[in-house]
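The values are calculated or read from the model by the stated rules, or taken from the named source; none is laboratory data. Note that the structure is a prediction, hence the values are computed from the model and not measured. Cβ coordinates were reconstructed from backbone atoms using ideal geometry, including for glycine residues, and neighbour counts include every protein chain displayed. All accessible areas refer to the heavy atoms of the entire protein, side chains included, with ligands and DNA or RNA removed. Shrake-Rupley method; radii C 1.70, N 1.55, O 1.52, S 1.80 Å.
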Amino acid sequence: MTHILRARRVLTEQGWLDDHQLRVEEGVITAIEPIPAGIASRNAELLCPAYIDIHVHGGAGVDVMDDAPDALDKLARHKAREGVASWLPTTVTAPLEMIHQALARIAQRCYSGGPGAQVLGSYLEGPYFTPQNKGAHPPELFRELNPAELDELIAISRQTLRVVALAPEKPGALQAIIHLKKRGIRVMLGHSAASYAQTRAAFDAGADGLVHCYNGMTGLHHREPGMVGAGLTDPRAWLELIADGHHVHPAAMKLCGCCARERVVLITDAMQAAGMPDGRYTLCGEQVEMRAGIVRTASGGLAGSTLSIDAAVRNMVELTGLLPEEAIHMASLHPARLLGIDGQLGSLKVGKRASIIALDGGLHLQHIWIQGQSFSL
């Protein structure tokens with residue numbers, strides 16, 4: 001069955017097309033063409049590629065580490081309501097057995113499917129970090145890198161582990177990066193005290209970028225550019241960015257846009273309080289508190305975010321002056337390229353899956369189609 005979606009403007013990789021329509025058959029885009037003369041109705045002001053959030057810990061009161069059978073379904077529906085059609089449930093530093101259980105649950109959901117945003121696989125954030133920039137991660141549970149242990153994680157994930165985050169100054173880090181890359185896994189660097197040189201060495205070994213750039217790493221200094229300096233200046237590096245204006249100052253957000261416009265990947269790093277009222281929640285087994293939408297540990301440190309990806313896109317436009325199409329690509333095409341799935345997802349193109357969002361002129365979500373299927377907001 002053919003579905004036709006018409007819009008005043010359609011966003012492709014090359015830019016906007018005015019008064020165009022998409023033909024969708026069996027969940028795939030089969031044509032992008034001008035709307036025939038005489039047809040006045042439009043399904044949307046803007047039709048754009050659906051968002052891909054590669055770094056999500058929770059939301060709607062649930063956590064990726066929860067063993068409740070419906071936790072991932074509930075979270076997938078929550079993500080769809082912010083325009084996300086595909087996402088990576090992200091683990092945290094925890095006892096190894098808990099991480100194993102989470103990876104197994106994510107793998108099951110990845111293969112079985114379910115309501116809401118599609119689970120593409122898992123993102124392992126921790127336990128391979130160092131204490132200096134630990135964030136909310138419990139340092140007593142940090143572990144050393146071991147190829148056999150990494151292979152066990154891959155096996156437990158049933159080959160759905162997509163991203164591993166680690167600190168590049170740890171013993172054996174460069175060998176671990178090479179080991180993971182040979183298995184098709186992306187490696188992101190973070191929660192680390194690495195120097196500029198150590199970070200560049202990790203990129204040389206095949207690391208793909210920085211975990212939530214600026215947060216949990218050595219900052220930019222004119223005599224020691226640190227991890228941030230390495231990421232901003234190395235054309236090989238993807239930069240995850242939490243664009244909420246709290247984790248990263250708008251001027252630093254703008255700096256990413258200036259130095260790495262084609263390499264920024266907007267993420268939420270959302271935890272269970274996302275979409276919920278202020279109050280007390282947990283992250284990494286620790287009590288945290290949300291006030292005015294900002295979550296902090298007892299010591300005052302930031303603990304994940306409550307950001308939605310559609311708000312991140314609007315923030316990049318409003319706070320940094322990026323063009324809407326540039327910000328939208330940072331939440332769709334760029335994460336697809338980082339994961340190596342841009343042949344199927346990430347932009348509106350003939351032959352790609354019909355994961356599409358309708359936005360109004362202010363970039364607010366109006367509707368979402370996930371692989372051609374309408375999802376009720």
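Projected label points at ALA104 and ILE32, each 7 Å from Cα along the beta carbon direction, are separated by 4.3 nanometres.
Counting only protein heavy atoms and a 1.4 Å probe, tell me what percentage of segment 197-265's accessible area is made up of carbon and sulfur. Carbon and sulfur together cover 56 percent of it.
Per residue, how much accessible surface does the chain expose to a 1.4 Å probe? Answer in Å², no decimals.
So the chain comes to 38 Å² accessible per residue, rounded to a whole number.
Nonpolar atom fraction for segment 271-377, defined as the carbon and sulfur part of the 1.4 Å probe accessible area, stands at 47 percent.
Could you check what % of the DSSP bridge pairs in segment 269-319 are antiparallel, to the nearest 5?
Rounded to the nearest five, the antiparallel share is 90 percent.
Go ahead and set up a Gaussian network model of the chain, Cα springs under 10 Å, then flag whichever of GLY231, GLY362, GLY293 fluctuates most. The residue with the greatest mean-square fluctuation here is GLY362.
Given points 7 Å out from each Cα along the Cα-Cβ axis, report the VAL350 to LEU323 separation in nanometres with one decimal. Here the answer is 2.4 nm between the modelled labels. Length gained on full extension, HIS221 to GLN159, computed as 0.36 nm times the residue gap minus the Cα-Cα distance: 18.4 nm. Here, the chain is characterised by an Rg to Rh ratio of 0.96, where Rg is the alpha-carbon radius of gyration and Rh the Kirkwood radius. Taking only protein heavy atoms and a 1.4 Å probe, the accessible area of segment 5-105 is 48% carbon and sulfur.
Remark: relative contact order (segment 53-119) = 40 percent; criterion is Cα-Cα distance under 8 angstrom and separation of 6 or more residues. One chain, two ends: ASP204 and ASP73. Fully extended at 0.36 nm per residue, the span grows by 43.3 nm beyond their Cα-Cα distance. Taking each residue as 0.36 nm, the span from GLU289 to ARG42 lengthens on full extension beyond its C-alpha to C-alpha distance by 84.5 nm.
Only the Cβ atoms of Lys and Arg (+1) and of Asp and Glu (-1) were treated as charged; on that basis the dipole of the chain about its Cα centre amounts to roughly 440 debye.
Restricting to the chain, what percent of DSSP beta bridges are antiparallel, rounded to 5? Intermediate results must be reported in sequence, preceding the final value.
Working: 40 of 68 bridges.
Percent antiparallel among DSSP bridges in the chain is about 60.
Taking Cα pairs under 8 Å and at least six residues apart, what relative contact order does the chain come out at, in percent?
Result for the chain is 20 percent.
When you filter the GluC sites (Glu not before Pro) in segment 137-230 for DSSP loop state and at most 12 other Cβ atoms inside 10 Å of their Cβ, you are left with GLU144. Applying 1/(1 + (r/R0)^6) with R0 = 35 Å to the Cβ-Cβ distance of HIS249 and GLU144 gives a FRET efficiency near 0.55. Largest GNM mean-square fluctuation among PRO171, PRO49, PRO131, using the chain with Cα springs under 10 Å: PRO171. Using a cutoff of 8 angstrom between alpha carbon atoms and counting only pairs six or more residues apart, the relative contact order for segment 158-293 works out to 16 percent.
Under a GNM of the chain (C-alpha, springs under 10 Å), which listed residue has the highest mean-square fluctuation: ALA207, ALA37, ALA331? Judging by the Gaussian network model, the answer is ALA37.
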